[in-house]
Amino acid sequence: MGNNLKERSKKFALDVIGLVDGLLAGRTAAVIGKQLLRSGMSVGANYRAACRAKSPADFIAKMGIVEEEADECIYWMELLAEANILPLTRLQPLMAEADELVAITVSSIKTAKANKMRSAK
């Protein structure tokens, strides 16, 4: 899963870049786009940092950031749709990928916590 998630989170960042680059000029679009770009690129960067974690607790903390950033991406995309900046149909595939990244990350965190508890006994 590790390399797959590295590649998947990088592709997600590239897809976010493409989406934001395609936004029409406008103050609201620019502000939301900047936030989406920041959180979208942060998903992969923080996952890579989690792969280099120094301890199980460090891994769990870094994966928590991945979860938060991926979920934040969904929020920014919801705003793009609800503010009628982009049609929901244009955003749905990327929102679905962000949702899957959140689910994978949550599952990884749960597994890491369970393994940490087992090794503490």
Q. When the residues of region 50-60 are filtered to those that are surrounded by 15 or more Cβ atoms within 10 Å (Cβ to Cβ) and of a type in the set (Gly, Ala, Ser), which remaining residue is nearest to Lys116 (Cα to Cα)?
A. Ala53
**Q.** Residues being among the hydrophobic types (A, V, I, L, M, F, W, C), in a helix (DSSP H, G or I) and more than 14 Å from Leu101 (Cα to Cα) - total across region 12-49
**A.** 11
Q | Boolean, Ala98 is surrounded by fewer than 17 Cβ atoms within 10 Å (Cβ to Cβ), among the aliphatic types (A, V, I, L, M), assigned to a helix (DSSP H, G or I) and within 14 Å of the chain's Cα centre (by Cα) | A | no
Q.
Between a residue in region 96-119 that is among the polar types (S, T, N, Q) and any residue that is assigned to a helix (DSSP H, G or I), which pairs come within a Cβ distance under 7 Å, given they are 6 or more apart or on different chains?
A. Thr105/Met63; Thr105/Val66; Thr105/Glu67; Thr105/Ala70; Ser108/Met63; Asn115/Pro56
Q. How many of the residues making up region 75-94 are in a helix (DSSP H, G or I) and either at pLDDT below 95 or surrounded by fewer than 19 Cβ atoms within 10 Å (Cβ to Cβ) (or both)?
A. 10
**Q.** Candidate set: region 1-49, residues that are touching a residue at least 60 places away in the same chain (Cβ under 8 Å) and surrounded by 12 or more Cβ atoms within 10 Å (Cβ to Cβ); chosen: the one nearest to Thr111 (Cα to Cα)
**A.** Leu5
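The values are calculated or read from the model by the stated rules, or taken from the named source; none is laboratory data. As the structure is a prediction and not an experimental result, all values here were calculated from the model. Cβ sites come from the backbone with ideal geometry, for glycine too, and all protein chains shown count toward neighbours.
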